[in-house]
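The values are calculated or read from the model by the stated rules, or taken from the named source; none is laboratory data. Computed from a prediction, not measured in an experiment: that's the story for all the values here. FYI the Cβ positions are ideal-geometry reconstructions off the backbone, even for glycines, and counts take in every protein chain you see. To get the accessible areas, we keep the full protein, side chains included, count just its heavy atoms, and leave off ligands, DNA and RNA. Shrake-Rupley method; radii C 1.70, N 1.55, O 1.52, S 1.80 Å.
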Amino acid sequence: MSSVNWAPLRSIIENNQTFLISSHVRPDADALGSELGIAAILRAFGKECTIVNGTAPPSNLEFLNPDGSILKLGDQIAAADLPDVDVHLIVDTSAWQQLGAMADVIQKAGKLRVVIDHHISSDNLGATEFKDVESAATGELIFEAAEFLGVSFDKVTASALYAAIATDTGWFRFPSTSPSTVRTAAALMELGASPHELFNLLYEQKSLARIHLAGRVLSRMETACDGRLAWVFAKSQDLKETNAVPADTESLVNECLTISGSEAAFIAVQLPSGQIKFSLRCRSPHNVAALAEIFNGGGHKLASGATLPGPLDEALVKVRDEFVKMLNG
Ligand code: AMP
């Protein structure tokens, strides 16, 4: 159980009719599952809701948008066609930067704002917040909200929420996993979620390009601080030459942490824009959320991210030096 008091959410739902749900750019399974979960809750109360994000789900997560109800701003829906809603409901982020093009829409509309999230890093979004940084996933909070509100989920939504929680906990192995997380997963299975099917959809659909990229990137892994820090990088040329896409770099950073004695890791990915996207990881008691914030990024203590300007070599040195300071500090 989280520390969240859900009573104000009930009042907000009861006192408003139309909701626009959004989450962070490059939405992951927790973003998408949480959006579908809160939409199901709102519809159970007879409310109208539209889900719009700044960027589309990556192709490997398209199965979490089976009826196409999760729209991309400027693609499936133009800013001018967005409904004039009573409430903007944001899930799985509390950072303006993470909302991409939706940040501008939400700021300009000036409507009642609600945030349901489990990230430490937070801007003041001027929202009523339902937040617990101890929760393993936003999907876990959504399930708890549903229980409080007396709403149950169909198989499709239960599966999306299972995917949200399973992916954010590294399939229930990260330290954020609590007995309550596993009980929530069991309840979602009882509603029809199939771990076997979801694991296959999430992790056993790799392209050959992804494997080729992994081989190339992992072969150049470097270490510092006597192996306590390990890192890799992917140049845009690597992606082009292997026919891979930026999402194909996901999880490679975790390989760095499988080295014996490793305490922290990062991957730098050169995006088509020339910017460098860093994914930062560490083991307790280190804190990469604080490290990411040095570069205007954020996230969780053990997993965070930041985007730096290029060139790649300079960005790598800057981030590596901060890691070394953290490990020696
Ligand atoms: P990633 O680097 O994408 O693996 O992100 C790890 C975690 O940090 C995720 O929970 C992200 O939502 C969060 N995160 C990544 N980049 C940022 C950022 N620029 N600001 C705030 N949170 C971030």
Rounded to the nearest 20 debye, what is the charge dipole size of region 7-202 about its Cα centre when +1 sits on each Lys and Arg Cβ and -1 on each Asp and Glu Cβ? 60 debye
Full extension from S122 to A79: what is 0.36 nm times the residue separation minus their Cα-Cα distance, to one decimal in nm? 13.0 nm
To the nearest 0.05, how large is the calculated FRET efficiency for S59 and N254 if R₀ is 22 Å and r is the Cβ-Cβ distance? 0.60
Net charge of neighbours whose Cβ lies under 15 Å from the Cβ of I211, counting Lys and Arg as +1 and Asp and Glu as -1: -3
Compute the long axis of helix 208-218 from its Cα atoms, compare it with the longest principal axis of the Cα atoms of the chain, and write down the angle in degrees, 0 to 90, nearest 10. 50 degrees
Could you tell me the distance between the Cα centroids of region 23-43 and region 67-128, to the nearest Å? 11 Å
Just to confirm the number: angle between the C-alpha axis of helix 138-149 and the first principal axis of the chain, 0 to 90 degrees, nearest 10? 20 degrees
For the chain, longest principal axis from Cα atoms; helix 312-328 axis from its Cα atoms; angle between them, nearest 10 degrees, is 90 degrees
Accessible area expressed per residue, the chain, with surrounding protein chains retained (probe 1.4 Å, Å²): 44 Å²
Loop sites in region 68-176: GluC sites (Glu not before Pro), DSSP, at most 16 other Cβ within 10 Å: E134
Taking only C-alpha pairs under 8 Å that are 6+ residues apart, what is the relative contact order of the chain in percent? 13 percent
Unit charges on C-beta of K, R, D, E only; dipole of the chain, Debye: 520 debye
Quarter of the surface of the C-alpha convex hull for the chain, i.e. direction-averaged projected area in nm², equals 16.1 nm²
With only helices counted (DSSP H, runs n ≥ 4, each -39500 (n - 2.57)), the per-residue ellipticity at 222 nm for the chain, to the nearest 500, works out to -11500 deg cm²/dmol
What is the Cα centroid distance between region 129-160 and region 257-329, reported in whole angstrom? 30 Å
Percent carbon-and-sulfur accessible area, region 168-217, ignoring ligands, DNA and RNA, probe 1.4 Å: 60 percent
